[in-house]
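Here's the structure we're looking at; comments come further down.
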Amino acid sequence: MSGDKRRERILLVSVNWLGDLLFLTPAIRAVRRAHPDSFIAALSPRRGMDLLEGNPHLNEVIPMPEGRGLRHLAGWLPLIRRLRAERFDSAFLFHRSFTRAAAVWAAGIPERIGTRTAKRGWLLTTAVEMPPPDTLHKVDLMLRVVEAAGIRPDGQHYDACLRPEDAQAAEQLARELGIGPSDRVVALHAGANWLLKRWPARRFAELADRLAERHGAKVLFIGGEGDRPLIEQISGRMRARPLVAAGRTTFRQMGALLKRTRLLISNDSGPLHMGMAAGVPVVALFGPTDPALTGPVNGAKAVTLFGSIGCPVPCYRLDCPANLCMEQITVEQVLEAASRFLDG
């Protein structure tokens, strides 16, 4: 790192998806522990700024350019000028993007540490060799980048990055939904950005009814605004009336609301990982993705159900008429897993 006597300035070039941003938080924490007095900024897609702006280990979150024209470096010129003006001493690149590495190089940041790829190795001052694809959990992949700079991590656990105002917003929403302090609330997340990762809607409906009948649970659906049509489809199949918070929270507020629940049952998605970050027990439903790569990490209160049928995973097919891996997971299996946390 730079020997300049002024306050050292470190840039963290982040990843794209909300779940992946939670996977990144152990690396962010490790950098802060190693550099307690440094100025640390994160470069983030706009969808992730809400989460990172709550991270106490960061001094600044810089929005990444979005829109057309970004395949060429010229589209990144405003950001390059900003990074150059901020005079960062070093940058950790957690995304494999060539363009992001080129932008950091063009900004004149002296030390550039990131994953080696065939095209961008020459842009890095420390090019980190990685194991073969799909052999290491994403948390550990990101920790390898900081370990290349001699930084020792303090564990794999995620930081939820919640603020007091998130808890206040969650408490207000809980009151509006009729959730009392003694209610046994089970959160369900039925969505996923990739359709093949979704457990069938009809099974979510049956599960919700059986949770209400067997455990006296109030079923709470979480997610984004885009999940609401799916939730309406599920609730239309149910006998019990669910509570719906989808589309009514930010990602951090969702984490605060999950702290009011006894359990989260979710497909492999950002809300699943937020539940683990918030310390909520989870039942994780996996099929075309591999829990060894993106599933609950050590220390999480979790049961993982993996509907593998022998197909290679991760499976990157965009369509699969039968979706047998998710169909393989039964309501009985999920209910049994949930009961481990709800009984007693």
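Taking a point 7 angstrom from the Cα of Arg317 along the C-beta vector, which residues in segment 259-298 have backbone N less than 17 Å away?
286-290, by backbone N distance to the label point.
Before I look further, what does segment 71-173 give for accessible area per residue, probe 1.4 Å, in whole square angstrom?
For segment 71-173, the per-residue accessible area is 51 Å².
Tell me which residues come under 5 Å, amide H to amide H, from Asp159 once H is placed; ignore anything under 5 positions away on its chain.
Distant-sequence amide H within range of Asp159: Thr25.
For segment 269-344, give the percent of accessible area contributed by carbon and sulfur heavy atoms, probe 1.4 Å, rounded to a whole number. It would help to have the intermediate numbers written out before the result.
Working: 1820 of 3300 Å².
Carbon and sulfur: 55 percent of the exposed surface of segment 269-344.
Out of residues 5 or more away from Ile62 or on other chains, whose amide H comes under 5 Å of its own, with H placed 1.01 Å from N in the peptide plane?
HN-HN under 5 Å from Ile62: Ala42, Leu43, Ser44.
With a point put 7 Å past each Cα toward its Cβ, work out how far Glu66 is from Ala85 in nm, to one decimal.
2.2
Select from Leu220, Leu162, Ala322 the residue farthest towards the positive end of the dipole of the chain; place +1 on Cβ of Lys and Arg, -1 on Cβ of Asp and Glu, and compute about the Cα centre.
Ranked along the dipole, the leading option is Leu162.
Just to confirm my numbers, what's the Cα centroid distance between segment 130-149 and segment 190-228 in Å?
32
At R0 = 35 Å, how high is the FRET efficiency between Arg6 and Glu165 if r is their beta carbon distance? Nearest 0.05 is fine.
Efficiency at R0 = 35 Å is approximately 0.60.
How much of the accessible area of segment 1-42, probe 1.4 Å, is carbon plus sulfur, in whole percent?
On the way: 770 of 1560 Å².
Exposed carbon and sulfur together represent 49 percent of the surface.
Please give the Cα centre distance for segment 1-62 versus segment 277-310, rounded to the nearest Å.
Using only Cα atoms to place each centre, the spacing works out to 26 Å.
Express the relative contact order of the chain as a whole percentage, based on alpha carbon pairs under 8 Å and six or more residues apart in sequence.
Here the relative contact order equals 15 percent.
Nearest 500 deg cm²/dmol is fine: what mean residue ellipticity at 222 nm does the chain get from its DSSP H runs of n ≥ 4 alone, each adding -39,500 (n - 2.57), divided by its residue count?
-10500 deg cm²/dmol
Long-range amide H contacts for Leu263: which residues qualify at under 5 Å (H placed 1.01 Å from N, peptide plane, sequence gap of 5 or more or a different chain)?
Answer set, sorted by chain and number: Ala187.
Classify segment 1-145 as rounded, prolate or oblate, taking a ≥ b ≥ c as the square roots of the eigenvalues of its Cα gyration tensor: rounded when a/c is under 1.5, otherwise prolate if a/b is larger than b/c and oblate if not. Intermediate values should be presented prior to the final figure.
Numbers: a/c = 1.15, a/b = 1.02, b/c = 1.14.
Taking the square roots of the gyration eigenvalues as a ≥ b ≥ c, segment 1-145 is rounded.
Among 326-333, 32-39, what's the highest-first ranking by average C-beta atoms within 10 angstrom per residue?
With the highest mean Cβ count within 10 Å placed first, the list reads 326-333, 32-39.
Could I have the simple spin-label model distance between Lys301 and Leu324, label points 7 Å from Cα toward Cβ, reported in nm to one decimal?
Computed distance between label sites Lys301 and Leu324 equals 3.7 nm.
What length, rounded to one decimal in nm, is gained on full extension from Ser339 through to Asn59, with 0.36 nm per residue of separation minus their alpha-carbon distance?
The Ser339-Asn59 span can extend by a further 96.6 nm.
How large is the charge dipole for the chain, taken about the Cα centre, if only the Cβ atoms of Lys, Arg (+1) and Asp, Glu (-1) carry charge, to the nearest 20 debye?
Here the size comes out at about 640 debye.
By how many nm would the segment from Ala292 to Arg152 grow when fully extended, if each residue of separation counts as 0.36 nm and the alpha-carbon distance is taken off?
48.2 nm
With the contact rule set at Cα under 8 Å and sequence spacing of 6 or more, what percent relative contact order holds for segment 167-276?
Numbers: 165 pairs, mean separation 41.3, N = 110.
Once normalised by length, the contact order is 38 percent.
The values are calculated or read from the model by the stated rules, or taken from the named source; none is laboratory data. Remember, predicted model here, so these are calculated numbers, not experimental data. All Cβ positions, glycine included, derive from the backbone under ideal geometry; neighbour counts span all protein chains shown. The area values use the complete protein model at the heavy-atom level, side chains included, leaving out ligands, DNA and RNA. Shrake-Rupley method; radii C 1.70, N 1.55, O 1.52, S 1.80 Å.
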